[in-house]
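As structure tokens, the structure follows; a few thoughts come after it.
Please treat every number below as a calculation from the coordinates, not as lab data. Just so it is clear, the structure is predicted and the values come from calculations on it, not from any experiment. Using ideal geometry, Cβ is built from the backbone for each residue, glycine included, and neighbour counts are taken over all protein chains shown.
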Amino acid sequence: MARQVRTSPSAAYDLGYHVVWCPKYRRPVFGGRVKTRLEKLIQAKADERGWEIVALEVMPDHVHLFVKPHPKNSPSYVANQFKGFTSHHLRAEFPHLRSRLPTLWSRSYFVATVGAVSAQTVRRYIETQYERAPKAGGHA
């Protein structure tokens, strides 16, 4: 992946975050229409904030996202923007998510910064999640 330096009036930057988060109790609730809607909501939030999504993979029990935000947005802010926005909309649109889970997302998340050298590696890792998914009964 070639380095893409973005600019704003006060900064030039090439910053990426690999963010992973799970539903409460790591329940496998993301399939079918819920998965499709979650992907659209994540894209909508990124578009609203002006963030670039490089790679996204919604697994049944977790989400992998490689996003390039503005440097003024901290990793915790980015993760919480996606989690809060998607939880609000998914729980309103899919009542079974309200009845099965007290909250949609667990409080925790993983985030790592991604440099230009390893960006392709992160993208390949996210895009091949299903190839590496554990067999039934296993954990990721």
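Being within 13 Å of Leu41 (Cα to Cα) and not small (Gly, Ala, Ser) is the filter here, so list the residues in the stretch 66-102 that pass it.
Gln81, Phe82, Lys83, Phe85, Thr86, His88, His89, Leu90, Arg91, Glu93, listed by residue number.
Select from the stretch 10-26 the residues that are of a type in the set (Phe, Trp, Tyr) and assigned to a strand (DSSP E or B) and write down the one among them that is farthest from Asn73 (Cα to Cα).
Per the criteria, the residue is Trp21.
In the stretch 1-33, how many residues are aliphatic (A, V, I, L, M) and surrounded by 13 or more Cβ atoms within 10 Å (Cβ to Cβ)?
Summing the residues that are aliphatic (A, V, I, L, M) and surrounded by 13 or more Cβ atoms within 10 Å (Cβ to Cβ) in the stretch 1-33 gives 5.
State the number of residues belonging to the stretch 1-60 that are basic (Lys, Arg) and under 17 Å from Gln120 (Cα atoms).
Result for the stretch 1-60: 1.
Collect the residues in the stretch 95-131 that are surrounded by fewer than 18 Cβ atoms within 10 Å (Cβ to Cβ) and either in contact with a helix residue (DSSP H, G or I) (Cβ under 6 Å, 6 or more places away or on another chain) or of a type in the set (Lys, Arg) (or both), keeping them in residue-number order.
Selection gives Arg98, Arg100, Leu101, Thr103, Ser106, Arg107, Val111, Arg123, Arg124.
What's the number of the condition Glu39 fails, among (1) under 19 Å from Val111 (Cα atoms); (2) touching a helix residue (DSSP H, G or I) at 6+ places or on another chain (Cβ under 9 Å)?
Single failed check for Glu39: (2).
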